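Please read the structure below before turning to the comments.
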Amino acid sequence: MTEHYVTTMAQLEAMYAQPMETSLLKELDHIGPHYRALIESSPFVALATVGPEGLDCSPRGDAAGFVRIHDERTLLIPDRRGNNRIDSLRNIVRDPRVALLFLIPGVSETMRINGRAALSTDPELLESFRVDGKAPRCVIVVTVERAYFQCAKAIVRSKLWDPATQVDRKTLPTPGTILAGLTNGAMGGPEHDRTAPDRLKATIY
């Protein structure tokens, strides 16, 4: 199989035609009004970062518009409560390069941002993101370098928003089952799954 790996730019570029004109025209170095509408309608973004240990891609979600547009070149993302691995945050401190992919339920186009990020603990900024009485520990400040929307092909092919393709959760291993398997029963199990709804409710913000 390895003899068929593509290992040079010349090989790669020979496989594909020139980029479609629209794929280049749609790229901006800022958030225009149409891109603002897409970002403000999104309740979910995947955050990609890079650090000395490698890459990380982390899901971020909240009410639509939770990624705040400070100005046409600056986005603000509250770091809501999580598992405290802080992989993305560790990466940002050491390498500011980030990429964002926004999804909008029911919409086939996605929104992409490439730029650089920093972490802010400005008290007023943190307070402005308070939800249910809880403020984030920090806010990710993203300076936009490239902004463009992605065409619908991937979402259409995947049928991501088609209710008929939704997977019955009962057909897949539960978090408790996965943890039990990974720890030889030392963690997880049915009790982990039984208490999950209350735990989620208590720690979501």
Options (i) -0.34, -1.17; (ii) -0.27, -0.96; (iii) -0.37, -1.26 are given for log10 I(q)/I(0) by the Debye sum over Cα atoms at q = 0.08, 0.16 Å⁻¹, and the computed one is (iii)
Whenever you get a sec, compute what percent of the accessible area on the chain sits on carbon and sulfur atoms (1.4 Å probe). 58
Restricting attention to the range 128-205, which trypsin sites (Lys or Arg not before Pro) occupy a DSSP loop and are surrounded by at most 13 other Cβ atoms within 10 Å? 130, 159
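Arrange the residues 126, 101, 182 by how much accessible surface each exposes, largest first, with a 1.4 angstrom probe. Show your work: numbers first, answer last.
On the way: 126 25, 101 70, 182 135 Å².
So, going from the largest accessible area down, we get 182, 101, 126.
Taking only DSSP H segments of four or more residues, each worth -39500 (n - 2.57), what value at 222 nm results for the chain once the sum is divided by all its residues, to the nearest 500 deg cm²/dmol? Working shown, then result.
On the way: 8 runs with 62 residues, N = 205.
Calculated from helices alone, the mean residue ellipticity at 222 nm is -8000 deg cm²/dmol.
For the chain, please report how many Lys pairs fall under 25 Å Cα to Cα, leaving out neighbours fewer than 8 apart on the same chain.
So the count of such lysine pairs works out to 5.
Using 0.36 nm per residue of separation minus the Cα-Cα distance, give me the extension gain between residue 12 and residue 127 in nm, one decimal. Walk me through the intermediate numbers first.
Numbers: separation 115, 0.36 × 115 = 41.40 nm, distance 4.84 nm.
Extra length available between residue 12 and residue 127 comes to 36.6 nm.
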Would you check the accessible area of residue 44, probe 1.4 Å, heavy atoms only, in square angstrom rounded to 10? 80
Accessible surface, per residue, of the range 17-168 when the full set of protein chains is kept, probe 1.4 Å, Å²: 59
For the range 1-85, what class follows from the C-alpha gyration tensor (a ≥ b ≥ c being the square roots of its eigenvalues): rounded when a/c is under 1.5, otherwise prolate if a/b is larger than b/c, else oblate? oblate
In the range 35-125, trypsin sites (Lys or Arg not before Pro) in a DSSP loop with at most 14 other beta-carbon atoms within 10 Å: 81, 85
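The values are calculated or read from the model by the stated rules, or taken from the named source; none is laboratory data. The model shown is predicted, which means the values in this text are computed figures rather than measured ones. Virtual Cβ from ideal backbone geometry, glycine too; neighbours counted across all protein chains shown. Just the protein is used for accessible areas: all its heavy atoms, side chains included, with ligands, DNA and RNA removed. Shrake-Rupley method; radii C 1.70, N 1.55, O 1.52, S 1.80 Å.
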